[in-house]
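A short write-up of the structure that comes next.
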Amino acid sequence: MTDTLVNDVERTTLRITEIFLSLQGESNTVGYPTVFVRLTGCPLRCQYCDSAYAFKGGKKQTLADILEQVVGYKVNRVTVTGGEPLAQPSVYPLMAALLDHGFEVSLETSGAVSVERVDSRVVKVLDVKTPDSAEVHRNLWDNFSYLQPHDQIKFVLCSRGDYDWARVQCDQYNLYERASDVLFSPSHGALEPRDLADWIVADRLPVRMQMQLHKLLWGNEPGR
């Protein structure tokens with residue numbers, strides 16, 4: 001570890017809502033034991049948000065404290081999430097420290113903050129906001145230019161209108177070629193999963209449908 005990184009670990013602080021071990025409930029690593037580092041704060045107010053408890057509060061922790069907790073769980077996958085984790089500038093040294101400790105790191109981000117500075121080793125899961133999210137105007141379309149082949153693009157869909165809109169974006173921005181997976185997820189309680197499955201099959205879309213495994217197992221319990 002470089003002297004600069006040592007200094008970052010000892011001095012840098014972030015506001016953390018929770019750090020916990022669970023199964024990855026989404027993305028193309030669904031089902032794997034994963035440590036989640038949930039940062040506090042988010043500039044968006046998506047109408048279906050299931051982590052509004054992370055909008056404020058939290059506890060300031062140093063990188064050293066965070067790393068100690070993550071290492072203690074003894075798994076190799078870490079997801080940095082929120083809120084919107086990129087809203088805290090100190091997330092960049094956090095991700096670098098996790099990577100340099102040998103962890104596989106993924107980042108769950110809203111797409112409303114630039115991902116240009118995200119370390120190329122991080123797997124970005126970029127959430128494209130749909131019209132029914134109430135935050136479609138916050139999408140930074142330039143973010144697509146910073147995607148790498150190992151990254152993923154996610155659409156949370158609330159209606160048939162959202163589905164049709166997402167299809168247009170996939171074609172317009174050639175999203176199937178920009179990332180490892182395009183993920184279509186039904187908004188919990190708003191869109192019947194079977195309806196989404198039927199639409200995908202009928203249209204033969206090259207997308208991966210996903211459901212939130214953690215919600216199927218544990219409902220809306222925080223920290224699961």
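If I ask for residues that are farther than 16 Å from Pro89 by Cβ and aliphatic (A, V, I, L, M), which ones from segment 101-132 would you list?
Of everything in segment 101-132, those that are farther than 16 Å from Pro89 by Cβ and aliphatic (A, V, I, L, M) turn out to be Val105, Val123, Val125, Leu126, Val128.
I'd like to know if segment 137-160 contains one or more residues that are acidic (Asp, Glu), out of contact with any strand residue (DSSP E or B) (no Cβ under 6 Å at 6 or more places or on another chain), within 24 Å of Ala87 (Cβ to Cβ) and part of a helix (DSSP H, G or I). Reasoning before the result, please.
Start the filter on segment 137-160 by keeping residues that are acidic (Asp, Glu), which leaves 142, 151.
Filter once more, so that each one left must be out of contact with any strand residue (DSSP E or B) (no Cβ under 6 Å at 6 or more places or on another chain): 142.
Now restrict to residues that are within 24 Å of Ala87 (Cβ to Cβ): 142.
Retained after the next criterion (residues that are part of a helix (DSSP H, G or I)): 142.
Checked against the condition, which is being acidic (Asp, Glu), out of contact with any strand residue (DSSP E or B) (no Cβ under 6 Å at 6 or more places or on another chain), within 24 Å of Ala87 (Cβ to Cβ) and part of a helix (DSSP H, G or I), segment 137-160 yields at least one hit.
Results for (1) more than 28 Å from Glu18 (Cβ to Cβ); (2) among the hydrophobic types (A, V, I, L, M, F, W, C), shown as yes or no for each residue.
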| site | (1), (2) |
| --- | --- |
| Val122 | no, yes |
| Val128 | no, yes |
| Val136 | yes, yes |
| Trp165 | yes, yes |
| Gln172 | yes, no |
| Tyr176 | yes, no |
| Arg194 | yes, no |
| Asp203 | yes, no |
| Leu213 | no, yes |
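Tell me, which residue of segment 113-125 that is touching a Lys or Arg at 6+ places or on another chain (Cβ under 7 Å) and free of Cβ contacts under 8 Å to residues at least 60 places away in the same chain is surrounded by the fewest Cβ atoms within 10 Å (Cβ to Cβ)?
The initial filter retains those residues of segment 113-125 that are touching a Lys or Arg at 6+ places or on another chain (Cβ under 7 Å), namely 115, 118, 125.
Right, trim to free of Cβ contacts under 8 Å to residues at least 60 places away in the same chain and you get 115, 118.
Details: Val115: 20, Val118: 25.
Among those residues, the one meeting the criterion is Val115.
Please go through segment 70-118 and give me each residue that is within 18 Å of Ser133 (Cβ to Cβ), of a type in the set (A, V, I, L, M, F, W, C) and assigned to a loop (DSSP other than H, G, I, E, B), ordered by number.
Listed by number, the residues that qualify are Ala112, Val113.
Report whether or not Thr4 is under 29 Å from Ala179 (Cα atoms) and either assigned to a strand (DSSP E or B) or at pLDDT below 95 (or both). Walk me through how you get there before you give the answer.
On the way: under 29 Å from Ala179 (Cα atoms): no; either assigned to a strand (DSSP E or B) or at pLDDT below 95 (or both): yes.
So Thr4 fails the test.
Can you pull out every residue in segment 149-196 that is surrounded by fewer than 18 Cβ atoms within 10 Å (Cβ to Cβ), more than 16 Å from Glu26 (Cα to Cα) and small (Gly, Ala, Ser)?
Ser159, Gly161, Gly189, Ala190
Tally the residues that are at pLDDT 95 or above and not in a strand (DSSP E or B), restricting the search to segment 33-43. So that I can check it myself, show each step before the final result.
Here is the first cut: in segment 33-43, the residues at pLDDT 95 or above are 33-42.
Still in the running and not in a strand (DSSP E or B): 40-42.
Of the residues in that region, 3 qualify.
Just to be sure before I move on: is Asp181 in contact with a strand residue (DSSP E or B) (Cβ under 7 Å, 6 or more places away or on another chain), of a type in the set (Asp, Glu) and touching a residue at least 60 places away in the same chain (Cβ under 8 Å) in the structure I sent? If you could, list the steps in order and put the result at the bottom.
Working: in contact with a strand residue (DSSP E or B) (Cβ under 7 Å, 6 or more places away or on another chain): yes; of a type in the set (Asp, Glu): yes; touching a residue at least 60 places away in the same chain (Cβ under 8 Å): yes.
Taking the combined requirement at face value, the residue satisfies it.
Residues that are of a type in the set (Phe, Trp, Tyr) and more than 18 Å from Glu108 (Cα to Cα): does segment 166-186 have at least one? Can you show your working first?
Within segment 166-186, the subset of a type in the set (Phe, Trp, Tyr) is 173, 176, 184.
From what's left, more than 18 Å from Glu108 (Cα to Cα): 173, 176.
Checked segment 166-186: at least one residue is of a type in the set (Phe, Trp, Tyr) and more than 18 Å from Glu108 (Cα to Cα).
State yes or no: is Lys74 free of Cβ contacts under 8 Å to residues at least 24 places away in the same chain and within 25 Å of Gly111 (Cα to Cα)? Give the steps one after another, and end with the answer.
Details: free of Cβ contacts under 8 Å to residues at least 24 places away in the same chain: yes; within 25 Å of Gly111 (Cα to Cα): no.
It is false that Lys74 is free of Cβ contacts under 8 Å to residues at least 24 places away in the same chain and within 25 Å of Gly111 (Cα to Cα).
Starting from residues that are under 20 Å from the mean Cα position of the chain (by Cα) and among the basic types (Lys, Arg), keep the ones in segment 176-216 and report whichever is farthest from Trp165 (Cα to Cα).
Lys215
Please state which of the following conditions Asp65 fails to meet, knowing it meets all the rest: (1) farther than 26 Å from Ala179 by Cβ; (2) acidic (Asp, Glu); (3) touching a residue at least 24 places away in the same chain (Cβ under 8 Å).
Evaluating Asp65 over (1) farther than 26 Å from Ala179 by Cβ; (2) acidic (Asp, Glu); (3) touching a residue at least 24 places away in the same chain (Cβ under 8 Å) leaves (3) as the failure.
Restricting attention to segment 50-93, and to residues there that are among the β-branched types (Val, Ile, Thr) and over 25 Å from Gly31 (Cβ atoms), which single residue is surrounded by the most Cβ atoms within 10 Å (Cβ to Cβ)? Give the steps one after another, and end with the answer.
As a first pass, look at segment 50-93 and keep what is among the β-branched types (Val, Ile, Thr): 62, 66, 70-71, 75, 78-81, 91.
Remaining after also requiring over 25 Å from Gly31 (Cβ atoms): 62, 91.
Values: Thr62: 16, Val91: 23.
Per the criteria, the residue is Val91.
How about segment 139-175: which of its residues are within 16 Å of the chain's Cα centre (by Cα) and not hydrophobic (A, V, I, L, M, F, W, C)? Working first, answer last.
Going through segment 139-175, the residues within 16 Å of the chain's Cα centre (by Cα) turn out to be 139-140, 143-144, 146-148, 150-157.
Asn139, Asn143, Tyr146, Gln148, His150, Asp151, Gln152, Lys154 - these are the residues of segment 139-175 that are within 16 Å of the chain's Cα centre (by Cα) and not hydrophobic (A, V, I, L, M, F, W, C).
The values are calculated or read from the model by the stated rules, or taken from the named source; none is laboratory data. All figures in this text were calculated on a predicted structure; none of them were measured in a lab. Methodologically, a virtual Cβ is constructed for each residue, glycine included, from the backbone with ideal geometry; neighbour enumeration extends over all protein chains shown.
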